[in-house]
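A short worksheet on the structure shown next.
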Amino acid sequence: MKVHEKRSHSHASDEEKKVTTSKHKAEAVPKKSKIANEGKDNDKVNGQSNVADVAAEFEKFCRETREHLSIKQMREILEANAQDASIADEAVVPRCQDILFYGPVGDCPVCGGTLEFSGDGYHCQGAYSEWSSCVYSTRSPPRREEPINIPESIGKTPVYDLIEKHRDPKSCPKREIAVADKPFVGMMIALSGRLSRTHQYWKKKIEKNGGKVANSVIGATCLVVSPSERDRGGSSKVAEAVERGIPVVREAWLTDSIEEKHAETLDAYDIASDIAVEGKGLALDQQDSSVVALETLTAELKVFGKRGVHIDSKLLNEGGKILEKDGILYNCALTVCDQGRNLNDFCIMQLIVARENRLYLYYRKGKIGDSPRADDKLEEWENVNDAIREFAKLFEELTGDQFEPWEREKKIQKKNMKFFPIDVDDGVEVRYGGLGLRQLGVAAAHSKLDPKVANLMKVLCSQEIYRYALVEMGYDSPEIPIGMVTDLHLRRCEETLKEFVEKLKSSTVTGNKADALWADFTQRWFTLIPTTRPFPFKDYEELSDQGASSYEAIRDINTASRLIGDMSGSTLDDPLFERYVKLNCSVSPLEKEEDDYKMIVKYLDKTYDPVRIGDISYGVLVENIFAVEASACPSLDDIEKLPNKVLLWCGTRSSNLLRHLQMGFLPSTCSLPVPGYMFGRAIVCSDAAAEAARYGFTAVDRPEGFLVLAVAALGEEIQEFSSPPEDTISLEEKGIGAKGLGKKKTDESEHFVWKDDIKVPCGKLIPSEHKESPLEYNEYAVYDPQQVSIRFLVAVKYEEQDVEYEAVELELEQQPKG
């Protein structure tokens, strides 16, 4: 067997080795008087010593115990006091010294696990569930009231009297842990250009957090600019900073540093030097999101589906194919997200048959978003059965479950700290199979479709919009083809989301236990749908944006992947027309002179509010309007037979459109007390183009988007709400139409009727009487997809309003220099 690999190895230390060989300090509290005390003025400990004295005494205590106690003896002390002694040698010393001096630490109040001191506080080492570690942490852990138990062997050591002195918990001092310093202490920060907040705002923020603002780049720690500064070529300040070697960073560096309470790495936010991850040696979750976008948008998808040979195996050029035997494809993608252990890892395992029937086992493991530093292992095997046994063995080591029952029956049980399989489907993910940039023009030029329809299909079949969507959501790992997973995996994700929502609604826990509930879902979610930027879910809004909405987008991208298939080859045989036929949907452009075109433009103009990003507003320009007749939706004739019909706006990502056109609208995944989800599993539309535009808007550098107009039949009975309904299930079961009343409404005096009896609530947006509503604009909800018919698709372009960059730049450059 031939092995080629790159891996790091560690070696255990000698059990009997004296602790004096360690060069690490056991106490992290500095000898300063500025010590945190959980909001209390407690400079005196036990009425005599102050905090600094206690820290000095503890440091002396640590020196003595390191010199006279072995690691084995320290393990005995931990065992005698019901503390976990199975930890690594380097963890034994500080844990033992902590309990001897300050008293035995109690159990975690959330999960009952062990609390261990590390840098900024005590962190739980236990597991909340099989999916997640407990993330509880505190600076004031519970301490046990009973005296320390001292093993007999310690009585013969020179430090016995010193240890005995601290046996009584009443005599033990309270451990004080220093508060983190302000992030910008000692920094001079220069500002340039139009930022999302004014320079005066940032000046106050920087000074509040320990820094100073420099009027000149000379002597500055860094120069903070807008992300668009790079595209515009930069100001004179930027040029001077680059010339002097001063880091030029995005505004997000300020925001993130303040939020994290420490200065983030400047290189991670740099816009002036090489943006490649390999050049910086930084994982994606350590970089500014706009840098990540540039990296992952152009990254090649390394595995396109169940039959996709990993690009980095270097076996594609040798005709490599995934081994298929007895109906099983030997290709697995595994992930684990455990924030309590700082894990966000992936593992790819493949058996690959290459030229001359040579068989290889390819194994790749690393941090999601840090592919350049992943460990690779390529083994050549002579015997197929031996290779399969090794593959199954690795699977069991990583997941704790057997491979064949998983692959054949999808039976698996998540184990604590173990990987979980992403059930990749047999197909081609759209980031690989969609049209590449070089194919777009040729594909449209050779199509028999109407030129405008061909251009629409070109956009919807391109890799670009799906790459953008996954980057924006943070689900853009090139290692995991998340846009080509099985329906079973998607159902597992949906069920996980819905179960958590129901658990939240019935839960009465608060404080740390509520935080643990959210943390458990976070780690489950990012194990099932791996992200390059894991973060802790904390509220319903995040659950809506990064949970429910993102799941629906990934589900729709999977539909697009299956419809588009593999278009990476020649485009001369009109692949756009072929995909258009598969849509089973008629799309035809409207001419500007047509009445429907004029009606839609009027409806858009009347009910649109500019989208605001920072200080900049974005208007909207209609580029094309298409009439739609989708076979998955009721026809106009059928919908006209239903009561209370309204022509309404629907917002959607461009990446979701193929699914809507092919299969119609689906109800929302779950019920959340936020806009778009407050009516439960409903199809939600609005009478304001402004509401739809917020969903259709992507980013300032990608101004194109789509709005949908659909006829919704609200039914005989319509209930109105100015706050989230308490019982959405009864609405779903009865199929009652619902209307959410927003802070703004359309002027009813301007409403009109289309096609005889379809109401068009077109009117100027005016304030409503519902000023406390959670909704900005009116929302309409129906529960049966056969009550909604997609009628028009409006292609729009978002444009900046009233922006004068040159004038602003001139004004900034004329600021007085100090």
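Checking each residue in region 68-114 for being touching a helix residue (DSSP H, G or I) at 6+ places or on another chain (Cβ under 8 Å) and in a strand (DSSP E or B) picks out S70, V105. Take the residues of region 98-132 that are farther than 18 Å from L343 by Cβ and under 26 Å from the mean Cα position of the chain (by Cα): which is least open to solvent (accessible area, probe 1.4 Å)? Only one residue tops the list, namely V110. With respect to the conditions (1) under 30 Å from S586 (Cα atoms); (2) assigned to a strand (DSSP E or B), G715 falls short on a single one, namely (2).
Condition check ((1) without any contact (Cβ under 8 Å) to a residue 60 or more places away in the chain; (2) surrounded by fewer than 18 Cβ atoms within 10 Å (Cβ to Cβ); (3) part of a helix (DSSP H, G or I)) across all residues:
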site: V309; (1), (2), (3): yes, no, no
site: N317; (1), (2), (3): yes, yes, yes
site: I348; (1), (2), (3): no, no, no
site: I352; (1), (2), (3): yes, no, no
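Filter region 691-708 for residues that are modelled with pLDDT under 85 and either of a type in the set (D, E) or not in a loop (DSSP other than H, G, I, E, B) (or both); which is farthest from the chain's Cα centre (by Cα)? Ranking the qualifying residues of region 691-708, first place goes to E704.
Need the failing condition index for P227 against (1) in contact with a strand residue (DSSP E or B) (Cβ under 6 Å, 6 or more places away or on another chain); (2) open to solvent by 30 Å² or more (accessible area, probe 1.4 Å); (3) modelled with pLDDT of 85 or more, just the number. With (1) in contact with a strand residue (DSSP E or B) (Cβ under 6 Å, 6 or more places away or on another chain); (2) open to solvent by 30 Å² or more (accessible area, probe 1.4 Å); (3) modelled with pLDDT of 85 or more applied to P227, the lone miss is (3). Pairs are defined by a Cβ separation below 8 Å, a sequence spacing of at least 6 or placement on different chains, a first member in region 396-419 that is farther than 20 Å from D520 by Cα, and a second member that is open to solvent by 70 Å² or more (accessible area, probe 1.4 Å) and assigned to a helix (DSSP H, G or I); the pairs so defined are Q402/E396; F403/E396.
Scanning region 72-87 for any residue that is in contact with a Lys or Arg (Cβ under 7 Å, 6 or more places away or on another chain), open to solvent by less than 60 Å² (accessible area, probe 1.4 Å) and more than 30 Å from Q413 (Cα to Cα) turns up at least one such residue. Please verify whether H68 is over 21 Å from D168 (Cβ atoms) and more than 39 Å from the chain's Cα centre (by Cα), treating the condition exactly as stated. So H68 passes the test.
Residue check, A688 against (1) under 24 Å from the mean Cα position of the chain (by Cα); (2) at pLDDT 90 or above, all met but one. Which one? Among (1) under 24 Å from the mean Cα position of the chain (by Cα); (2) at pLDDT 90 or above, the lone unmet condition for A688 is (1). Inspect all residues belonging to region 403-424 and state whether any of them is crowded, with 19+ Cβ neighbours inside 10 Å, among the β-branched types (V, I, T) and part of a strand (DSSP E or B). Looking through region 403-424, at least one residue is crowded, with 19+ Cβ neighbours inside 10 Å, among the β-branched types (V, I, T) and part of a strand (DSSP E or B).
Scanning region 428-460 for residues that are open to solvent by less than 80 Å² (accessible area, probe 1.4 Å), touching a Phe, Trp or Tyr at 6+ places or on another chain (Cβ under 8 Å), in a loop (DSSP other than H, G, I, E, B) and not aliphatic (A, V, I, L, M) yields E429, G434, S447.
The conditions of being of a type in the set (V, I, T) and over 26 Å from the mean Cα position of the chain (by Cα) are met by V711. I need the full set of residues from region 151-174 which are under 51 Å from the mean Cα position of the chain (by Cα), in contact (Cβ under 8 Å) with a residue 40 or more places away in the chain and open to solvent by 40 Å² or more (accessible area, probe 1.4 Å), in order please. Answer for region 151-174, where residues must be under 51 Å from the mean Cα position of the chain (by Cα), in contact (Cβ under 8 Å) with a residue 40 or more places away in the chain and open to solvent by 40 Å² or more (accessible area, probe 1.4 Å): L162, S171, K174.
A single entry from D520, D515 fulfils the requirement of being acidic (D, E) and open to solvent by 30 Å² or more (accessible area, probe 1.4 Å): D515. If the condition is being in contact with a strand residue (DSSP E or B) (Cβ under 9 Å, 6 or more places away or on another chain) and surrounded by fewer than 20 Cβ atoms within 10 Å (Cβ to Cβ), then region 663-680 contributes M663, L666, P667. When the criteria are applied in full, I683 fails the requirement of being surrounded by fewer than 18 Cβ atoms within 10 Å (Cβ to Cβ) and aliphatic (A, V, I, L, M).
Please verify whether L793 is under 33 Å from the mean Cα position of the chain (by Cα), surrounded by 17 or more Cβ atoms within 10 Å (Cβ to Cβ) and farther than 23 Å from R694 by Cβ, treating the condition exactly as stated. When the stated conditions are applied, L793 does not pass them.
The values are calculated or read from the model by the stated rules, or taken from the named source; none is laboratory data. Note that the structure is predicted; figures quoted are calculated from it, not measured. All Cβ positions, glycine included, derive from the backbone under ideal geometry; neighbour counts span all protein chains shown. Calculation scope for accessible area: heavy atoms of the full protein, side chains included, ligands and nucleic acids excluded. Shrake-Rupley method; radii C 1.70, N 1.55, O 1.52, S 1.80 Å.
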